[in-house]
Amino acid sequence: MVSSLVGQFVCFVFLVVVSISRVRAKQTVFDVTKNGGVADGKTDNSKAFTDAWTQACQTIGGGVILFPTGKYLVRPVILKGECKGPIGLQIEGTLLAPQGVQSSVDIDHWIKFQHVDNLNINGGGLLDGQGPSAWHHNNCLEDPECMRLPANLRFDFVTNLNIDHITSINSKNLHINFFACKDVKVTNVNISAPAESPNTDGIHIGSSSNVQILDSVIATGDDCISFSAGSSKITVSGVHCGPGHGMSIGSLGRGNNNDVSFVDIRNCSFVGTDNGVRIKTWAPSKQGTVSHVYVENIRMEQVKNPIVIDQNYCPARRCSATESSQIQIVDVKMINIWGTSSTPNAVTLKCSETKPCQNIQLRDINLSYKGPEGPAVSACSKVDVITDGKQNPPACTKPVIQVPHNFDVLN
Ligand SMILES: *[C@@H]1O[C@H](CO)[C@@H](O)[C@H](O)[C@H]1NC(C)=O
Ligand SMILES: *[C@@H]1O[C@H](CO)[C@@H](O)[C@H](O)[C@H]1NC(C)=O
Ligand SMILES: *[C@@H]1O[C@H](CO)[C@@H](O)[C@H](O)[C@H]1NC(C)=O
């Protein structure tokens with residue numbers, strides 16, 4: 001009896017040990033400092049990084065690449081799948097991008113992941129893009145042939161991606177770019193760049209679906225989060241934006257795919273941003289549809305243009321004034337949006353002449369402006385707004401321009 005109990009206990013201990021080592025075996029750690037990496041802020045660690053990546057990627061059951069505390073200079077790298085198991089990238093230290101730009105090299109990334117399934121990036125560490133050394137090379141407003149500066153993180157064709165507890169500062173261009181990704185979750189991310197830094201968007205999503213961005217803080221010189229062509233099933237919640245340009249769907253209409261659908265933005269705040277939530281499409285444009293946009297529980301504080309639909313988007317003013325956008329905007333709900341606007345333009349809904357917006361609903365809007373230019377106002381064209389609850393400023397009761405007869409406001 002006793003011996004059989006002891007036997008069972010030994011057997012139990014054995015099983016526990018085996019299962020722990022199994023878990024560990026799955027999580028083989030590849031520490032870059034044990035692969036030639038040096039945390040002195042000067043030595044180039046890109047080879048140590050890509051070597052660790054290759055080893056982790058080729059390990060059956062996957063592995064974790066670890067950057068322990070310390071400063072690691074990393075030159076631009078591309079980390080490719082497919083891998084033989086889940087990959088972790090645990091950044092506990094600081095990764096430093098190289099200073100400045102190499103004038104002959106026009107690359108779009110600092111750290112780029114391609115064709116990876118099941119990737120976890122975490123560790124509480126910092127990515128420093130060293131943007132101040134490069135931003136003066138950004139002359140894209142004057143020169144359409146301008147050199148592209150690198151994004152801190154690019155993900156192309158990445159699926160089952162989690163990014164948690166990472167700080168990204170001073171990217172030379174946008175901070176995080178998702179292209180053709182699926183099943184992405186971003187949590188507790190802190191992105192920051194100065195208000196005046198050029199094109200330092202926080203998170204840009206394109207051709208991607210099922211993306212969640214939760215509980216994060218984004219302060220930049222450009223869009224906080226932008227949802228471009230091919231974005232679908234995007235959830236944003238608990239995100240604080242400011243400074244920057246706010247959240248944007250678009251600009252749409254210049255590519256071949258111009259569709260964005262099912263964007264859900266909740267429980268977010270915007271402080272001192274140029275826009276709050278904006279949908280922008282070029283005019284003229286190609287065909288496309290923006291549909292099922294749901295925005296709820298949003299606090300605005302000193303935002304220049306809290307709610308915007310702009311279907312005549314043309315920042316450089318080199319567009320035709322006579323041709324209109326061919327993007328149909330349909331089913332947009334804005335619910336419980338409150339706070340202050342820093343200009344009277346609290347609600348601006350400028351829809352397409354030829355594709356008037358359909359089913360735009362505003363419920364419980366309370367945006368005030370205190371200043372010399374009078375109270376906050378709503379301005380609309382080519383849209384019949386459906387309203388419910390409080391409306392401050394008063395909603396456009398009738399469209400500025402008569403809508404066509406076949407325009408059904410009830411659908
Ligand atoms: C985000 O990171 C910046 C730069 O490191 C820091 O100044 C700021 O306090 C951080 N914010 C939060 C909410 O952690
Ligand atoms: C948003 O906030 C409300 C009220 O605080 C809460 O009930 C709800 O669960 C939150 N929604 C999300 C998606 O976080
Ligand atoms: C609207 O906002 C103002 C100030 O921002 C506040 O005093 C007022 O109570 C709000 N009204 C409602 C109905 O929430």
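Any read-out appearing in this document is the output of simple, stated calculations on the displayed coordinates, not a laboratory observation. None of the values given here were measured: they were computed from a predicted structure. Neighbour counts run over all protein chains shown; Cβ positions are idealised from the backbone, glycine included.
In table form, for the structure just shown:
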item: Alpha carbon convex hull of the chain, projected area averaged over orientations, nm²; result: 25.9
item: Segment 51-110 - Kirkwood radius from inverse mean 1/r over Cα pairs (Å); result: 13.1
item: Segment 276-389 - Rg and Dmax from Cα coordinates, angstrom; result: 14.2, 41
item: Ordering of 329-337, 188-196 by packing [mean C-beta count within 10 Å, highest first]; result: 329-337, 188-196
item: Residue exposure sequence - Val184, Val377, Val277 - by fewest surrounding Cβ within 10 Å; result: Val377, Val184, Val277
item: Point-to-point label distance, Gln102-Lys233, nm (Cα→Cβ direction, 7 Å offset); result: 4.0
item: Neighbour-count order for Val347, Val385, fewest beta carbons within 10 angstrom listed first; result: Val385, Val347
item: Calculated [θ] (222 nm, deg cm²/dmol) that DSSP helices of n ≥ 4 give over the chain, each run adding -39,500 (n - 2.57); result: -3000 deg cm²/dmol
item: Lysines whose Cα lies under 16 Å from that of Lys71, excluding same-chain neighbours fewer than 8 positions away; result: Lys34, Lys42, Lys47
item: In nm, spacing of pseudo-spin labels at Lys34 and Phe262 (7 Å Cα→C-beta vector); result: 4.3
item: Degrees between helix 46-58 axis and first principal axis of the chain (Cα, 0 to 90, nearest 10); result: 80
item: Pairwise FRET efficiency - Ala379 versus Asn297, Cβ, R0 = 30 Å, nearest 0.05; result: 0.80
item: Distance violations [Cα-Cα > 30 Å] among Lys84/Lys233; Lys280/Lys370; Lys172/Lys350; Lys112/Lys233; Lys84/Lys112; result: Lys172/Lys350
item: Residue order, fewest to most surrounding Cβ atoms within 10 angstrom, among His204, His240, His136; result: His136, His240, His204
item: Relative contact order (%) - criterion: Cα under 8 Å, at least six apart; region: the chain; result: 7
item: Rh (Kirkwood; distinct C-alpha pairs) - segment 190-258, Å; result: 12.2
item: Separation of the Ala195 and Ile386 label points, Cα + 7 Å toward Cβ, nm; result: 3.8
item: Segments 266-276, 75-85 sorted - mean Cβ within 10 Å per residue, highest first; result: 266-276, 75-85
item: Förster radius 51 Å - calculated FRET efficiency between His240 and Gln287, Cβ distance, rounded to 0.05; result: 0.90
